[in-house]
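Participant: Below you'll find the structure I mean.
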Amino acid sequence: MNLAEIWSRIAAWHNRHTPPGTFTLNPGASVEAMDQLEATIGSVLPVDFRTSLSIHNGGQSCWLLWYGELLDTDAIARQWNMYRTWQDRNEYAIEGSDDWIPRAIQGPIKPVFWNPKRIFVTDNSGDHLTIDLDQPPEGSHGQVGYHCHEVGPREVLAPG
């Protein structure tokens, strides 16, 4: 099954199980928007994620199950910049601090609370689905994970 078919199935499920008009996907992102996101985060996006973005670039108040609002490329970049700024000011995910050590990881995720090579693709009040671009050797490049704002990365949900 290709990504367009997968998105069609996701939308159909949401349309059957959520109030009308609450799952409205945006049109696809432009190549320029995806290139700009890559420039912002300093990493190349996985091909399958670029393909997904080219089909739907987030949504309008579009929640993906309980994982939060599906972010578009601009919102992904804003989230990344916000966390990067906080970390640069030693206000968030301070390396070497016991308060910022993830302790409940399930699956192949580096034990780093916030990693600039993980991008948040949904937002539920600080909890996120992530695309991991800095996985350990036993992980998969571009694996999808879950990040909790209270304890950091929690688990790998899908290999890509």
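The values are calculated or read from the model by the stated rules, or taken from the named source; none is laboratory data. Given the structure is predicted, the values throughout are model-derived calculations rather than measurements. Cβ atoms come from the backbone with ideal geometry, glycine included; neighbour counts cover every protein chain shown. Accessible surface areas use protein heavy atoms only, side chains included; no ligands, DNA or RNA. Shrake-Rupley method; radii C 1.70, N 1.55, O 1.52, S 1.80 Å.
Participant: Go through (1) crowded, with 19+ Cβ neighbours inside 10 Å; (2) more than 22 Å from N57 (Cβ to Cβ) for V121 and report which single condition fails.
Facilitator: (2)
Participant: If you check Y92 against the conditions, is it more than 18 Å from A29 (Cβ to Cβ), open to solvent by less than 30 Å² (accessible area, probe 1.4 Å) and not in a loop (DSSP other than H, G, I, E, B)?
Facilitator: Judged against the criteria, Y92 is not a match.
Participant: Looking for whichever is closer than 21 Å to V151 by Cβ, out of contact with any strand residue (DSSP E or B) (no Cβ under 8 Å at 6 or more places or on another chain) and of a type outside the set (D, E) here; the options are L65, L53. Which one fits?
Facilitator: On the way: L53 fails: closer than 21 Å to V151 by Cβ.
When all the criteria are applied, what remains is L65.
Participant: I would also like to ask the following. In the stretch 136-155, what residues are at pLDDT 95 or above and buried (at least 16 other Cβ atoms within 10 Å of the Cβ)?
Facilitator: G139, G142, Q143, V144, G145, Y146, H147, P153, R154
Participant: Could you check the stretch 30-65 and list, in sequence order, the residues that are open to solvent by less than 30 Å² (accessible area, probe 1.4 Å) and of a type in the set (D, E, K, R)?
Facilitator: Of everything in the stretch 30-65, nothing turns out to be open to solvent by less than 30 Å² (accessible area, probe 1.4 Å) and of a type in the set (D, E, K, R).
Participant: I would also like to ask the following. Filter the stretch 66-89 for residues that are at pLDDT 95 or above and in a loop (DSSP other than H, G, I, E, B); which is most open to solvent (accessible area, probe 1.4 Å)?
Facilitator: D72
Participant: Look through G58, G160 and report the one residue that is without any contact (Cβ under 8 Å) to a residue 60 or more places away in the chain, closer than 21 Å to L45 by Cα and not aromatic (F, W, Y).
Facilitator: Among G58, G160, only G58 is without any contact (Cβ under 8 Å) to a residue 60 or more places away in the chain, closer than 21 Å to L45 by Cα and not aromatic (F, W, Y).
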